[in-house]
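To start, the structure itself, in structure tokens.
Where a number appears in this text, it was derived from the coordinates with a stated rule and is not lab data. Note that this is a predicted model, so its numbers are computed, not measured. Please note: Cβ atoms are built from the backbone with ideal geometry, for glycine as well, and neighbour counts cover all protein chains shown.
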Amino acid sequence: MTPSSYVSNWKRSQENNCNAIRHDANISEQPEVVRFEIVKTKSVFLVPELLRHFYQAEVLIPSPVPPHLISFPSSRSRKQI
């Protein structure tokens with residue numbers, strides 16, 4: 001299980017199918033509301049325009065995330081633009 005899997009399975013966490021502040025956000029305790037085929041796309045520009053709002057799905061956590069579950073990609077692994 002990856003750290004992101006742990007977070008989405010935390011007790012009382014909620015998933016959003018898009019940005020949580022959108023008026024049409026679907027907030028649920030079930031991860032099935034997230035369009036994973038869209039979220040996992042390498043770039044928002046590869047997603048059809050009508051579906052792009054699903055690219056920024058979110059997980060809301062009711063408490064602080066423990067530091068051992070937070071990771072940042074190293075600067076060496078980032079693509080150069």
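Starting with the highest mean, order 39-47, 61-69 by the number of other Cβ atoms within 10 Å, averaged over the residues of each peptide. Display every interim value, and only then the final one.
Details: 39-47: 11.7, 61-69: 9.8.
Ranking the peptides 39-47, 61-69 by packing returns 39-47, 61-69.
Suppose R0 equals 25 Å. What FRET efficiency, 1/(1 + (r/R0)^6) with r the Cβ-Cβ distance, do LEU46 and LYS11 give to the nearest 0.05? All intermediate terms of the calculation are to be shown ahead of the outcome.
Details: r = 34 Å, r/R0 = 1.37.
Efficiency, rounded to the nearest 0.05: 0.15.
Over the range 3-65, what is the mean sequence separation of C-alpha contacts under 8 Å (at least six apart), divided by residue count, expressed as relative contact order in percent?
On the way: 95 pairs, mean separation 25.1, N = 63.
Computed value for the range 3-65: 40 percent relative contact order.
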query = So what are the ³J(HN,Hα) numbers for the range 33-42, from phi and the Karplus equation (6.51, -1.76, 1.60; θ = phi - 60°), rounded to whole Hz, Gly and Pro as x?
reply = 6, 7, 8, 4, 5, 8, 4, 7, 5, 5
inquiry  = Can you compute 3J(HN,Hα) from phi for each residue in the range 17-31, using the Karplus curve 6.51 cos²θ - 1.76 cosθ + 1.60 with θ = phi - 60°, rounded to whole Hz and x for Gly and Pro?
reply    = 6, 7, 4, 4, 8, 5, 5, 9, 5, 9, 9, 8, 8, 9, x
request  = At 7 Å along the Cα-to-beta-carbon direction for both LEU60 and GLN30, put a label point, then send me their distance in nm to one decimal.
outcome  = 1.8 nm
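Given axes a ≥ b ≥ c from the Cα gyration tensor, I'd like to know whether the range 3-65 is rounded (a/c under 1.5), prolate (a/b larger than b/c) or oblate.
Here the range 3-65 falls in the prolate category.
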